[in-house]
Each structure stands twice: as structure tokens, then as C-alpha cells.
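Peer 1: Sharing a structure here in C-alpha cells format.
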Amino acid sequence: MLAEIDERVATLTKEAKEHAPALLSRLYRALYRIRRVEEDVARIYPTDKIKSPSHLSLGQESVSVGICEALRKSDIVFATYRSHAAYLAKGGDINRMIAELYGKEDGAARGKSGSMHLIDMSAGMMGTSAIVGSTIPLAVGYALAERMKGKDTVVVVFFGDGAMEEGVFHESLNFAALKKVPVLFVCENNTYAIHTPLHMRVPKPNFRERVEAYQIPTRLVEDGDVLTLLKETEAAVSRIRAGGGPEFFEVMTMRWLEHVGPGDDLHLNYRTKAELDSWKAKDQVKRLASMLAPTERQRVEADVESEVAAAFEFAEKSQYPADHELYEHVFHD
Ligand SMILES: Cc1ncc(C[n+]2csc(CCOP(=O)(O)OP(=O)(O)O)c2C)c(N)n1
Ligand SMILES: [Mg+2]
């Protein structure tokens with residue numbers, strides 16, 4: 001195990017190396033925290049206390065954690081309907097997230113938006129959306145505005161492999177490359193759009209080649225490796241912040257549960273148990289856990305357990321919005 005730590009630490013930047021034990025502990029806390037939230041969402045979902053459809057990131061946690069760890073608080077994240085992980089990794093308020101899932105008035109959007117439209121502007125989590133591909137142009141526009149204001153903000157946008165097939169993806173990349181907009185595009189390639197595999201959707205899954213046609217540099221990160229993601233993101237973000245223009249990551253990953261909801265879906269036969277098991281064997285939560293000293297691991301897990309329990313209790317105790325709120329924060333008075 002020590003050899004593995006040495007090997008992994010050797011891949012980190014100088015700053016990360018100096019803080020390796022603290023860094024590993026921080027990454028584990030972030031991963032374990034998302035895992036535990038998702039497990040509890042899955043457990044509570046069948047009771048109908050959670051009022052919104054929930055697309056769980058269970059199994060995909062490392063993508064958000066590895067990338068958000070390299071960001072500043074003032075950097076911005078946009079994401080999709082499958083974004084509990086990105087919201088938590090960027091520092092979104094956990095109590096307000098769970099209350100939002102419960103449809104309560106203390107939720108991130110006062111219970112109006114649910115799991116698919118999470119936002120916490122104070123943490124730079126600017127928004128998620130149920131419309132595939134829709135936050136990609138928003139991220140480009142936000143990044144352009146920041147640059148025009150003379151700020152050095154970097155904007156990250158997470159999206160699935162399905163979004164690569166949307167027209168707006170190509171329009172956004174073309175414009176971002178032309179204007180050297182400070183965006184990191186992150187495709188979480190779990191190889192399925194709902195139940196349709198890549199080979200039934202595209203003649204060739206050459207996503208990076210397509211992006212390179214816009215003169216945007218690309219990186220492939222396999223196995224959802226959280227340490228590689230951190231290292232690659234640190235380097236990309238510093239190039240983007242320095243004015244180098246947009247970059248693109250294709251991160252291979254796999255969701256463990258059904259497309260939407262808390263269940264297993266192997267009975268649908270669109271993917272195999274062997275495929276899923278091969279990803280479970282690469283679980284980054286377990287991997288990081290094995291890199292920590294047992295006492296440190298217990299300390300982190302105990303902290304997270306009480307934080308997560310408190311967040312669900314907060315949501316339970318929060319009230320449903322009053323009827324008149326139906327007419328507030330809407331477009332037409
Ligand atoms: C514009 C648009 N088209 C279709 C849908 C229906 N839809 C919801 S999720 C989804 C699959 C998207 O897959 P992917 O982008 O790979 O994300 P994943 O669910 O795998 O995270 C589709 C087609 C939608 N929400 N928006
Ligand atoms: Mg997908």
C-alpha cells in the first residue's frame with residue numbers, strides 16, 4: 001500500500017506533495033461525504049419524502065471531487081441534473097440541498113426546483129438543469145462576462161456523453177475557442193444516455209477528435225482516477241486562468257444505479273453485471289480510504305456521518321413553503 005501511495009504522490013504537483021496526508025484526507029472526506037449523501041437519498045427515496053426525481057451520481061463521485069479540489073471558491077461550476085456530487089464538491093450548502101430535495105422552504109431554491117436544478121451562488125455553484133446540454137452555453141457566456149470584467153475566474157461545466165450529441169455543444173465550443181473563453185469543458189463519459197449505449201448513438205465515439213477540430217486541447221482520464229484528475233485539472237486551470245483559452249476533459253466513469261431513482265437496473269439488460277463490477281472494482285472512495293491511516297479514516301467518517309445526519313434532520317424539520325409562494329419568484333406577476 002505504501003508503494004501505491006508513493007507512486008500516486010509522485011504524480012502530484014509540488015504543493016500537493018508537501019500536503020499529501022492532508023490532501024488525501026480532504027479528498028477522502030469529499031468522496032465519502034458524497035457517497036453517504038447519495039446512499040441516504042437512495043434509502044429515503046422510496047418513502048416519498050424526497051419530492052423530486054433524483055439522478056444519483058453514485059459511482060461518479062471522483063469526477064466532481066478531483067476537479068473541484070483544484071478550483072478556487074471564486075471559480076464557477078455549471079452542471080446537469082445528475083449533480084449532487086458537483087454541488088457538494090464545489091462547496092454547496094448540504095442542508096439546503098437536502099431540504100431542496102424534500103421540497104421544503106429552506107431548500108436551495110425554496111423547494112421549487114428539486115434535485116435537478118441545484119444552485120448555491122455563494123459557493124460558485126451557478127446552476128444545474130434537466131435539459132441535456134443546456135448549461136454548456138450558459139457556462140461559456142458566464143466565462144466571457146467574467147473575462148470582460150477583467151476577472152481571472154475559471155468556469156467549469158460538467159455534462160454527460162449524451163450532451164456531446166447536442167447542436168448547442170458544438171456552437172458553444174466553436175465560440176469559446178474563437179474568443180479564448182476561460183472554460184474547462186468536462187464530459188463525464190459513463191457511455192450511456194439513459195439506456196442507449198454509445199455505439200447505438202454515434203457512428204464513432206471520437207469525442208476528443210471532434211473537440212480538437214475546434215483547436216481546443218483535450219485530455220482523457222480513464223478509470224475516474226481522482227488523483228490524476230486533480231493533477232490534470234490543476235495544470236489545465238492554471239493554463240486557462242493565464243488566458244490560454246478553453247480545454248476539454250473526457251473522463252471515463254460509470255453510474256452504479258439506474259438512470260433516475262435509487263434502484264439497480266441490471267434486469268433491463270442494457271449493460272452487464274461484469275461491466276458494472278469492473279467499475280466497482282475501481283471505486284475511488286474505497287481506494288482513498290485504503291490510503292489513510294485507520295484513525296484518520298475513522299475521524300473523517302465520524303465527522304461526515306454526523307454532518308449528513310444533521311442535513312437530513314434539517315430537511316425533515318423545515319416547513320413546506322406557504323401557498324402564496326407559488327406566485328413568488330415567477331416570471332409573470
Ligand atoms: C434536450 C434534451 N433532450 C432529451 C432529454 C431527455 N434525457 C434526459 S437524460 C438523457 C440522457 C443524457 O445522457 P448523458 O448526457 O450521457 O448523461 P447521464 O444521464 O449519463 O449522466 C436524455 C436523453 C432532455 N432532458 N433534454
Ligand atoms: Mg451518459
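Rule-based calculations on the coordinates, nothing more; no lab input. No experiment lies behind these values; they were computed from the predicted model shown. Reconstructed Cβ throughout: ideal geometry from the backbone, glycine too, with neighbour counts over all protein chains shown.
Peer 1: Which number do you get for Rg(Cα) / (2.2 N^0.38 Å) in the chain?
Peer 2: 0.97
Peer 1: If you average 1/r across every pair of different Cα atoms in segment 131-181 and take the reciprocal, what Kirkwood value do you get, in Å? Display every interim value, and only then the final one.
Peer 2: On the way: mean 1/r = 0.0892 Å⁻¹.
Taking every pair of different Cα atoms in segment 131-181, averaging 1/r and inverting gives 11.2 Å.
Peer 1: Sticking with this structure for a sec: Length gain on complete extension for the stretch residue 151 to residue 48, per 0.36 nm per residue less the alpha carbon to alpha carbon distance?
Peer 2: Working: separation 103, 0.36 × 103 = 37.08 nm, distance 4.38 nm.
That works out to 32.7 nm of additional length.
Peer 1: Still on this model: Under a point-charge model restricted to the Cβ atoms of Lys and Arg (+1) and Asp and Glu (-1), what is the dipole moment magnitude of the chain relative to its Cα centre, in debye to the nearest 20?
Peer 2: That gives the chain a dipole magnitude of about 680 debye.
Peer 1: While we're here: Of 331, 263, 284, whose Cα points farthest to the positive end of the dipole of segment 259-333 (charges on the beta-carbon: +1 Lys, Arg; -1 Asp, Glu; origin at the Cα centre)?
Peer 2: Going by the Cα projections, it comes out as 284.
Peer 1: Still on this structure: Given a Förster radius of 51 Å and the C-beta distance between residue 327 and residue 269 as r, what FRET efficiency does 1/(1 + (r/R0)^6) yield to the nearest 0.05?
Peer 2: Efficiency at R0 = 51 Å is approximately 0.65.
Peer 1: Hey, another quick one. In this model, which of 90/151; 90/282; 112/180; 73/204; 73/104 are farther than 29 Å apart at the alpha-carbon?
Peer 2: 112/180; 73/204
Peer 1: Which value in deg cm²/dmol, rounded to the nearest 500, describes the helix-derived mean residue ellipticity at 222 nm for the chain, given -39,500 (n - 2.57) per DSSP H run of n ≥ 4 and division by the residue count?
Peer 2: Value at 222 nm, helices only, nearest 500: -13500 deg cm²/dmol.
Peer 1: Under 17 Å from the 7 Å Cα→Cβ point of residue 174, by amide nitrogen: which residues of segment 133-156?
Peer 2: The answer is 136-138, 140-141, whose backbone nitrogens lie closer than 17 Å to the label point.
Peer 1: Quick one: among 170, 55, 199, which has the greatest mean-square fluctuation in a GNM of the chain with alpha-carbon springs under 10 angstrom?
Peer 2: 199
Peer 1: Could I ask something else about it? Starting from segment 125-163, pick out the trypsin sites (Lys or Arg not before Pro) whose DSSP state is loop and whose Cβ has at most 16 other Cβ atoms within 10 Å.
Peer 2: For trypsin sites (Lys or Arg not before Pro) across segment 125-163 that sit outside H, G, I, E and B with at most 16 neighbouring Cβ atoms in 10 Å, the list reads 149, 151.
Peer 1: Something else now. Residue 235 versus residue 202, label points 7 Å from Cα toward the beta carbon: distance in nm?
Peer 2: 2.3 nm
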